[in-house]
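Accompanying notes for the structure given below.
The values are calculated or read from the model by the stated rules, or taken from the named source; none is laboratory data. Since the structure is predicted, the reported quantities are computational estimates derived from the model, not experimental observations. Cβ placement follows ideal geometry from the backbone for every residue including glycine, while neighbour counts extend to all protein chains displayed.
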Amino acid sequence: FQNVGRNERIIDADQTFSPELRHWRDVFWLAIFIIHLIVLGVLLAIFGLNRFKTADRLNIDRYTEGFWENNNGLTETYWPKYAVAGGVGTGLGCIWLLLLGSRANQMMKVSVHILTTYLAVISVLCFWCEQFFWGVAFATGAALQFLYVIAVIDRLPFTMLVLQKAVKLVWSLPEVTRVAYAFMAVMLLWMGIWSFGAAGVVASSRGDLGRWWLLVVLSVSLFWTGAVLCNTVHVIVSGLVFLVLFHGGRNASSMPPNSLMKSLRYAVTTSFGSICYGSLFTAAIRTLRGFRSKIGNNECLLCCVDFLFQLVETLVRFFNKYAYVQIAVYGKGFNRSARDAWELFQSTGVEALVAYDCSGAVLLMGTILGGLITGTCAGVWTWITWRDRVIMVGSTAMLMGMVL
């Protein structure tokens, strides 16, 4: 009877990966993302080419003359700084993946404890460069990071166990790591185009305010693109891990052939619209949700912001990262996947464990640390040559490092 039940479940599991049950989901957001990439690619080419080798090659400055400053900056002046950022970010990403497989516990401890120190060091450097606003910002970040670690220190042992188990499972599937490297290479190629346009913006004749606004728009786009690729990897890995766990091992006789390619195909076709849709919201909502946990036991402040975060908690029900597992396994749309994942947690009691686990925050610390190191490398070189562009180049290079 147990074997019959298992066979039926295996048939059901295979059907979840059946092409007949897979339909295109959230096509509107897929179209928005593709159009956004095309439009942004054209703008990046214009911004970069306008200052490449010849100042105002496309004669754009005539539209800003008289109310924005003019200078003779060139794209190639700043593009090498972003090349360094891309190289450092890629190197750190590869090292991060390798060390997670062999030294997961030590890597997590480094992320938790070194980040506070590094933020403090960056703060001192900003004060030394007379960038008082950024010095205060990084000092505040160091203080909040320290307080957060103190607040959740009793939860870290459980978090480390969760991460060790996850890393052990994923590391037993070497093809998963190859997928991560492949998507990192795709992201690096897009960053080559993105940084070309960003370097053109930094070198443009617009005033600091105009440059900053353009860089903010470009950074939001880069963040969305990076989140889409990251969540695509998430869906691919989730689909493969589901099959391995369900069938009792990757070498099981019931394991369907070409599992990785099936998961990859569904992630970049029928489910890609759902990934684009969810990537717009999940990172922002998770950031807002995590901020509440950093408030600590300040009852007055908690009362002031509680209403806001009640709204955030409502949004979390519809935009949570666990929706990507439902997308990977069943091919559902993002809204339905998020709702079903949340209801599953509530009905099984797993919600309490998810709330106690702070592995996402620990991994985020590693991401921020990698971004800070990348931004520092690009920022130091910029400070040597163009001191008035240090923060502009350093902050965007930091974003590149975090995405990679």
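Given the condition modelled with pLDDT of 65 or more, small (Gly, Ala, Ser), surrounded by 14 or more Cβ atoms within 10 Å (Cβ to Cβ) and not in a loop (DSSP other than H, G, I, E, B), answer yes or no: does some residue in region 46-65 qualify? Among the residues of region 46-65, at least one is modelled with pLDDT of 65 or more, small (Gly, Ala, Ser), surrounded by 14 or more Cβ atoms within 10 Å (Cβ to Cβ) and not in a loop (DSSP other than H, G, I, E, B), which makes the answer yes.
Residues are listed down the side, and each one gets a yes or a no for (1) at pLDDT 85 or above; (2) farther than 19 Å from LEU37 by Cα; (3) of a type in the set (S, T, N, Q); (4) more than 24 Å from the chain's Cα centre (by Cα):
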{"position": "VAL217", "(1), (2), (3), (4)": "yes, no, no, no"}
{"position": "SER221", "(1), (2), (3), (4)": "yes, no, yes, no"}
{"position": "ASN258", "(1), (2), (3), (4)": "no, yes, yes, yes"}
{"position": "THR282", "(1), (2), (3), (4)": "no, yes, yes, no"}
{"position": "PHE291", "(1), (2), (3), (4)": "no, yes, no, no"}
{"position": "LEU302", "(1), (2), (3), (4)": "no, yes, no, yes"}
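Please verify whether region 327-344 includes one or more residues that are among the hydrophobic types (A, V, I, L, M, F, W, C), in contact (Cβ under 8 Å) with a residue 60 or more places away in the chain and within 30 Å of LEU92 (Cα to Cα). Yes, that holds for at least one residue. Region 322-404 holds helices (runs of 4 or more DSSP H) entirely within its bounds, and those carrying 3 or more residues that are under 30 Å from SER123 (Cα atoms) and small (Gly, Ala, Ser) map to 359-385, 390-403. Of everything in region 92-122 that is under 15 Å from ILE368 (Cα atoms) and small (Gly, Ala, Ser), the residue that is modelled with the lowest pLDDT is SER111.
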